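The values are calculated or read from the model by the stated rules, or taken from the named source; none is laboratory data. Just so it is clear, the model here is predicted, and its values are computed rather than measured. Don't worry about glycine lacking a Cβ; one is built from the backbone with ideal geometry, like all the others, and counts go over all protein chains shown. For the accessible areas, the whole protein counts, side chains as well, though only heavy atoms, and no ligand, DNA or RNA atoms are used. Shrake-Rupley method; radii C 1.70, N 1.55, O 1.52, S 1.80 Å.
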Amino acid sequence: VGLHPKRTLRLVLWTGEEQGGIGAEQYYQLHKENISNFDIVMESDEGTFQPSGLGFTGSAKAREIVKEIMTLLQPINVTDVYDVADGTDIDYWMRDGVPG
C-alpha cells in the first residue's frame, strides 16, 4: 500500500507456543528491561485467512489512533478494530501495560 514506517519495526518469529509458550516467555525475559521502547505488540495466530482488521487493547486515545491508522488499509479492506486482543505470544507485554 506504499506505506513506510517512521519507527523501527521488530518482527519476531518463534516456536514453542503449544509447549507452554516458552518462546514468548524467553523473548519477554530477554527484552523486558527495554519495555519503554515498545509502543505496541501484535500477534497473528489464526492461520491462513483473509484478514478483516485487528483486535486491540489499550487506552481510548490509543484506540482512536489505531482506528485512524487502519483507514490507511482501506485499499485492501482491512479496517475493523475489535475490542479484544490476546495471545500467548503477547500476553506478557500486555500485562505490563504495552497495548496489544
Length released on extending from GLN50 to THR79, taking residue separation times 0.36 nm less the Cα-Cα span: 9.2 nm
Helix 60-70 vs. the chain, principal-axis angle (Cα, 0 to 90°, nearest 10): 60
Heavy-atom surface of the chain, accessible at 1.4 Å and reported per residue (Å²): 76
Two-site FRET efficiency, LEU13 against GLU68, from Cβ-Cβ distance with R₀ of 25 Å, rounded to 0.05: 0.30
For region 87-100, Karplus couplings with θ = phi - 60° (6.51, -1.76, 1.60), whole Hz, Gly/Pro x: x, 3, 6, 10, 4, 4, 5, 5, 4, 8, x, 7, x, x
Estimated dipole of region 17-96 in Debye, rounded to 20 [Cβ of Lys and Arg +1, of Asp and Glu -1, Cα centre]: 360
Nearest 10 degrees, 0 to 90: helix 22-31 Cα axis against the chain principal axis: 90
ASP39 paired with GLN26, simple spin-label distance in nm, labels 7 Å along Cα-to-beta-carbon: 3.0
Cα gyration tensor shape for region 21-65, rounded if a/c is under 1.5, else prolate or oblate: oblate
Directionally averaged projected area (convex hull, Cα atoms, the chain), nm²: 7.0
Accessible carbon and sulfur surface of the chain relative to its total accessible area, %, 1.4 Å: 53
